[in-house]
Amino acid sequence: MTTADYAVTVEGLNKHFGAHHAVKNLSMQIRQGEIFGFLGPNGSGKTTSIRMMCGLLTPDSGSGTCLGYDIIRQRAEVKRRVGYMTQRFSYWEDLSIRENLDFVARLYQVPNRKAVVDETLEELQLTSRAKQLAGSLSGGWKQRLALAASLLHKPKLLLLDEPTAGVDPTARRIFWEELHQLAAKGISILVSTHYMDEAERCHRLAYISYGELLCQGTSAEMIQQRQLTTWQITGRHLVQLNRTLEACPGVEQVVAFGTALHVSGTQAELLRDTVEQHATREGYDAKIIDTSLEDVFINLMKTSEGAFN
């Protein structure tokens, strides 16, 4: 791929806030027309990274381009060409949906403002609620208004910072269908999320913790990179078994999934011996299963916590 195939390319980005090193040597690329998922625990540096990529924050060091513009020297150009949706609803609750969109269109100096607002209302199924005050909207409708506002100036890149936090599952599903429609039109999307079902909807993913990018790729690639073997164990008294297994050789994590335990580790033979000794011989049902993306992210979180604490 050439540079023109990427909406974002950053290399070695660093950002400090006082003594706190929030982002450490971040390097990544987002392709044109792809949905790129950004995952990690709270305080891991996701929001800071996103803000550097779209020109809202200047990195202390490193370089990068966004839509062909330098993220340091051409920040104003970058900001005009990306759509940014924050974690919290940031529009005017005493204005209607239409009034909010009209005001944002004025800020971006959108030509044919009324026609563009009408078109955006129609595309996001907001026309019937255009006169409703933003403050009276449910979380799902506020989310849709925020997405509409970020699309008014026809950006080629959307940066969405945990856009579905606090939104019900139905609204989240509809929102993601809209994101895939936008990606199909060639719009690149970087979205941070905590939800595994959303992560699996992304074309590619990255996991960041304590400011460091630990892993990136497709879901299948990230699962392959971790080289985890996972056993599923079912039976009675799983809480007691959980405690036992956590201290056993070859076990890197034990996680309860409904009425089963997922036991994972990178040393397959040692893990097999442990499962046979403490589960199979004690009457539990145990079998190897495909490692899931959630198993991988739990492992990444545990590994990073151990490394930085």
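The values are calculated or read from the model by the stated rules, or taken from the named source; none is laboratory data. Note that this is a predicted model, so its numbers are computed, not measured. Every residue, glycine as well, gets a Cβ built from its backbone with ideal geometry; the counts of neighbours run over all protein chains shown.
For this structure, a couple of remarks:
- Residue check, residue 303 surrounded by 15 or more Cβ atoms within 10 Å (Cβ to Cβ) and under 29 Å from the mean Cα position of the chain (by Cα): yes
- Comparison of 183, 149 shows that the only residue that is of a type in the set (A, V, I, L, M, F, W, C), part of a helix (DSSP H, G or I), touching a Phe, Trp or Tyr at 6+ places or on another chain (Cβ under 7 Å) and at negative phi is 149.
- Scan of region 1-36 for residues that are among the small types (Gly, Ala, Ser), closer than 16 Å to residue 183 by Cα and modelled with pLDDT of 95 or more, ordered by number: none
- Test for residue 294: is it over 21 Å from residue 197 (Cβ atoms) and at pLDDT below 95: no
- Selection of region 5-19 for residues being touching a strand residue (DSSP E or B) at 6+ places or on another chain (Cβ under 8 Å), more than 13 Å from residue 30 (Cβ to Cβ) and among the small types (Gly, Ala, Ser) yields only 12.
- Failed condition for residue 65, given (1) closer than 18 Å to residue 150 by Cβ; (2) surrounded by 15 or more Cβ atoms within 10 Å (Cβ to Cβ); (3) in contact (Cβ under 8 Å) with a residue 40 or more places away in the chain: (1)
- Those helices (runs of 4 or more DSSP H) of region 192-302 in which 2 or more residues are over 30 Å from residue 49 (Cα atoms) occupy 238-246, 268-278.
- For region 158-179, the condition of being more than 18 Å from the chain's Cα centre (by Cα), free of Cβ contacts under 8 Å to residues at least 60 places away in the same chain and outside the structural domain of residue 274 (by TED's automatic domain parsing) holds for at least one residue.
- Restricting region 75-106 to residues that are of a type outside the set (Gly, Ala, Ser) and over 28 Å from the mean Cα position of the chain (by Cα), the residue that is surrounded by the fewest Cβ atoms within 10 Å (Cβ to Cβ): 94
- Qualifying residues in region 126-182 (those that are more than 19 Å from residue 92 (Cβ to Cβ) and of a type in the set (Gly, Ala, Ser)) - the one surrounded by the most Cβ atoms within 10 Å (Cβ to Cβ): 171
- If you go through region 79-106 and keep only what is within 17 Å of residue 159 (Cβ to Cβ) and not aromatic (Phe, Trp, Tyr), you end up with 79, 80, 81, 82, 83, 85, 86, 87, 88, 90, 104.
- Here residue 204 does not qualify as modelled with pLDDT under 90 and of a type in the set (D, E, K, R).
- Among the residues listed as 233, 298, 208, the single one being surrounded by 15 or more Cβ atoms within 10 Å (Cβ to Cβ), within 26 Å of residue 25 (Cα to Cα) and not assigned by TED's automatic domain parsing to the domain that holds residue 175: 298
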